[in-house]
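The values are calculated or read from the model by the stated rules, or taken from the named source; none is laboratory data. The model shown is predicted, which means the values in this text are computed figures rather than measured ones. As a convention, Cβ positions derive from the backbone with ideal geometry for all residues, glycine included, and neighbour counts pool all protein chains shown.
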Amino acid sequence: MKIPTTLKHKPVIVAENYEKVDGRRAYDSDAKGLSLGLAQWNERGKVDISAKVWRHTGEKWSRQSEELPLHRALDLAILICRGIAYFQEAYRFPKLYDPDKAMIDRIGLQGDAMGVSVCTENPMIDGDIELFFQALGDDSEIIGERLRVLSRILEEMGY
């Protein structure tokens with residue numbers, strides 16, 4: 001399925017077969033493509049670029065398609081990596097976290113820091129963190145494959 005080029009987001013780089021590789025939803029996903037392009041929120045004289053997940057209902061392009069500025073997509077990748085690293089050691093805590101020390105890390109960005117912590121404000125955190133940990137384990141092969149690809153590409157780029 002071809003990603004539309006007549007909508008506000010203007011694709012420049014595309015992956016139009018994303019539904020074939022969308023994790024556990026592969027071959028049965030409404031996420032039909034990914035693109036990098038000109039953001040839909042661009043204003044006259046200002047150009048932003050974004051990443052977009054294109055979703056299709058089977059009949060039309062979905063309003064649930066997501067568009068993110070590239071730095072936010074990368075921030076999510078950083079958060080994912082830091083979260084996975086945390087859970088590699090979380091088994092040491094009886095609740096998979098220390099209720100007295102929810103902060104996991106502070107990651108320096110743009111002269112400040114992005115705080116990463118367990119969401120202790122969630123009243124169901126004890127059960128939810130167990131479910132998250134289990135799902136992370138269930139998807140470890142899918143996630144690990146992508147992390148290895150990401151690592152290889154970052155090394156090729158000199159990072």
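Some notes on this structure:
- Yes/no for residue 37 being closer than 22 Å to residue 150 by Cβ, surrounded by fewer than 18 Cβ atoms within 10 Å (Cβ to Cβ) and outside the structural domain of residue 143 (by TED's automatic domain parsing): no
- Residue satisfying condition, being in contact (Cβ under 8 Å) with a residue 12 or more places away in the chain and in contact with a Leu (Cβ under 7 Å, 6 or more places away or on another chain), within set 39, 51: 51
- Counting only residues that are of a type in the set (Val, Ile, Thr), touching a Ser or Thr at 6+ places or on another chain (Cβ under 7 Å) and part of a loop (DSSP other than H, G, I, E, B), region 1-39 holds 1 of them.
- Filtered residues of region 108-133 (kept if exposed (fewer than 11 other Cβ atoms within 10 Å of the Cβ) and among the charged types (D, E, K, R)): 112, 121
- Residue check, residue 154 in contact (Cβ under 8 Å) with a residue 40 or more places away in the chain and either in a helix (DSSP H, G or I) or on the phi < 0 side of the Ramachandran plot (or both): no
- Residues that are surrounded by 14 or more Cβ atoms within 10 Å (Cβ to Cβ) and among the aromatic types (Phe, Trp, Tyr) were ranked within region 77-102; the one that is nearest to residue 136 (Cα to Cα) is 87.
- Pair list, Cβ under 8 Å, 6 or more apart: region 104-124 residue of a type in the set (Phe, Trp, Tyr), other residue not in a loop (DSSP other than H, G, I, E, B): none
- Meets criteria (farther than 18 Å from residue 31 by Cβ and modelled with pLDDT under 95) for residue 94: no
- Residue-level check: of (1) surrounded by 14 or more Cβ atoms within 10 Å (Cβ to Cβ); (2) under 29 Å from residue 48 (Cβ atoms); (3) not acidic (Asp, Glu), residue 136 misses just (2).
- For region 40-62, residues that are part of a loop (DSSP other than H, G, I, E, B) and surrounded by 15 or more Cβ atoms within 10 Å (Cβ to Cβ) total 2.
- From 28, 22, 105, residue being within 30 Å of residue 133 (Cβ to Cβ), loosely packed, with under 13 Cβ neighbours inside 10 Å and either not assigned by TED's automatic domain parsing to the domain that holds residue 136 or not aliphatic (A, V, I, L, M) (or both): 28
- In summary, residue 76 fulfils each of the numbered conditions (1) assigned to a loop (DSSP other than H, G, I, E, B); (2) without any contact (Cβ under 8 Å) to a residue 24 or more places away in the chain; (3) among the hydrophobic types (A, V, I, L, M, F, W, C) with the single exception of condition (1).
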